[in-house]
1. Answer yes or no as to whether residue B:58 is in contact (Cβ under 8 Å) with a residue 60 or more places away in the chain and within 20 Å of the chain's Cα centre (by Cα).
2. Which residue out of A:147, A:157, A:123 is more than 7 Å from chain B (Cβ to nearest Cβ), surrounded by fewer than 20 Cβ atoms within 10 Å (Cβ to Cβ) and part of a helix (DSSP H, G or I)?
3. Kindly provide the set of residues from the range A:1-21 that are under 18 Å from the mean Cα position of the chain (by Cα) and within 13 Å of DNA strand C (Cβ to nearest atom), ordered by number.
4. How about the range B:126-144: which of its residues are away from chain A (no Cβ under 12 Å) and surrounded by fewer than 16 Cβ atoms within 10 Å (Cβ to Cβ)?
5. So which residues in the range A:114-141 are touching a residue at least 40 places away in the same chain (Cβ under 8 Å) and over 16 Å from residue A:78 (Cα atoms)?
6. Give me the helices (runs of 4 or more DSSP H) completely within the range B:1-74, filtered to those with at least 1 residues that are modelled with pLDDT of 95 or more and more than 15 Å from DNA strand D (Cβ to nearest atom), ordered by residue number.
7. Would you mind stating whether residue B:101 is closer than 23 Å to residue B:155 by Cβ, free of Cβ contacts under 8 Å to residues at least 40 places away in the same chain and buried (at least 18 other Cβ atoms within 10 Å of the Cβ)?
8. Please count how many residues of the range B:95-116 are within 12 Å of chain A (Cβ to nearest Cβ) and not in a helix (DSSP H, G or I).
DNA sequence: GCCTGAAGCTAATGCCGTTAGCCTTTAGCT
DNA sequence: AGCTAAAGGCTAACGGCATTAGCTTCAGGC
């Protein structure tokens, strides 16, 4: 049988697909090896450890998230960019919960960890989006953190099944985005928006 | 030595203290047994499994969070209640990251799982707090989810070390709370606040 | 004083990550 | 073409951890 040659990249890809199916917590070397048609120890010819594998998946996930986000924001600004970016992130998390969990669990392993630029690309997209709101420069970091918090929190709660009541989650998300948009526009309008 | 008799409750308490120290992911039966001065298998005389232990910790954590939140909101309303409640939750998560993680990982095991009323008590506190904003009834659920998302997201990112840039996290949190407050008050003022 | 059950222990099982060591294949060099 | 060496697979084995089985001990109720 013509075997596609196994590489660290292809294994990472398979691992990412696996965690999206079984959940990041249930990632195991045995399961992945089975998917690849090899025995567990053979995996170690390609990745150093399970932690290494998880980290590679995290880098892949963060890179993909960056792409998705850039594409969503591309060509839009202000409210449109916010709505598109937020929606894109939510979709990404719902379609790739395992990847997303991996990217959350990851910590940079050193100063030249490729995970760092991948994360920065995501943050840069959010920053670009926020720049459309003409916020006070001193507030941008706070707005950024608020934005990240709310989107991260919503996505996490949603995939964890945290929204039990039978009210439309889609509707809540639209409401949330509008809420953010209005607050950000108010902040721009007043020049300070929020005092503290 | 006069040993305090071991009970499921005391073991859960010790487990909760342990996860706050070592992290929920690093919870192990051996570590907990060592803390209690017994051998690992003896633990099974008191709890059914590690999953059972984790679930008990989650119930304890959710109950404690409910207490903290109720106490914080007690006697306040509107912006004050929001600020106090949000601050109380953040403090709880920072002081008890392991408990918090346990409560997030937990899923109800059945219809009469005590975890359910414990969760509901937390939600009820948030609902009570939101009622001070006189929102349109149809929007309360969305506001609630937004609130939970942003607080959960912020707390999670913070304990995970997700805020790298050296801008004050305290300040960001204050900003976030003010942002929410202004948005909620605007929503009440207009009677609808957010359109979608 | 005996019996029972609660609660400890040791020993053993099985799963999983990981390492060591062996074998086959294949790419590349002479 | 033929040799060499690395790449990449495999089996066997180790160690850690959750869990179970079965023994022992000790305190409290009859």
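The values are calculated or read from the model by the stated rules, or taken from the named source; none is laboratory data. It should be emphasised that the depicted structure is a prediction, and the values quoted were computed from it without experimental measurement. Counting neighbours? That spans all protein chains shown, and the Cβs are built from the backbone with ideal geometry, glycine included.
1. The answer is no for residue B:58.
2. A:123
3. Correct list: A:15, A:18, A:19.
4. Within the range B:126-144, B:131, B:134 meet the criteria.
5. Matches in the range A:114-141: A:114, A:115, A:118, A:119, A:121, A:122, A:139.
6. Values: elements: B:8-22, B:29-36, B:50-73.
Result: B:8-22, B:50-73.
7. On the way: closer than 23 Å to residue B:155 by Cβ: yes; free of Cβ contacts under 8 Å to residues at least 40 places away in the same chain: no; buried (at least 18 other Cβ atoms within 10 Å of the Cβ): yes.
In short, no.
8. Total satisfying the criteria: 3.
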